[in-house]
Amino acid sequence: MATKTRPRRAAAQPKPALPQTLLRIVNAALDDMKAVNVKVMDVRHLTDITDIVVIASGNSDRHVKSIADRVVQFAKQSDFRPMGVEGAREGEWVLVDLTDIVVHVMLPRVREFYGLEKLWEDVAPPAAETVALVPPPPRRIPASRRKTVSRARAAR
């Protein structure tokens, strides 16, 4: 009596590296429109829906819409077609779905109310590859040291 054997499942294919090109495009668009408080999280190990979640803020509803439009514009120029854009009419929270990357652009009060970072940040580390893409904030010299620094430069 022959026994039937089930076909073996194919081994799960590891996901490729982060979509660096698309991430650079998104960062360039956010930087171009001066998005505030940009946070990039790698969620590949948590969900199959997307690889990276980018959360940014705008100063007004018009600024939020403009940031999202610029992300779409830069993506289309580089032949990445967005799957969808939601919330562009209201402008408080706009979601741009670029398949591998989902970009949330929100007003600060909406961002604080929903707290998306708090949902993901405990389990999703910041994307390691994006650390080099986001420039560090400018170093601020305390007012008490400014005089001594300027005197030292003048002495040179």
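The numbers here are math on the coordinates, done by the rules we state, and not lab data. These figures come from a predicted structure and were not determined experimentally. For neighbour counting, all protein chains shown are included, and Cβ atoms are generated from backbone atoms with ideal geometry for every residue, glycine included.
Remarks
- Table column - 3J(HN,Hα) (Hz), the range 88-98, Karplus curve with 6.51, -1.76, 1.60, x for Gly and Pro: 5, 5, 7, x, 7, 8, 10, 10, 10, 9, 9
- FRET efficiency, 1/(1 + (r/R0)^6) with R0 22 Å, evaluated for D79 and Y114 via beta carbons: 0.10
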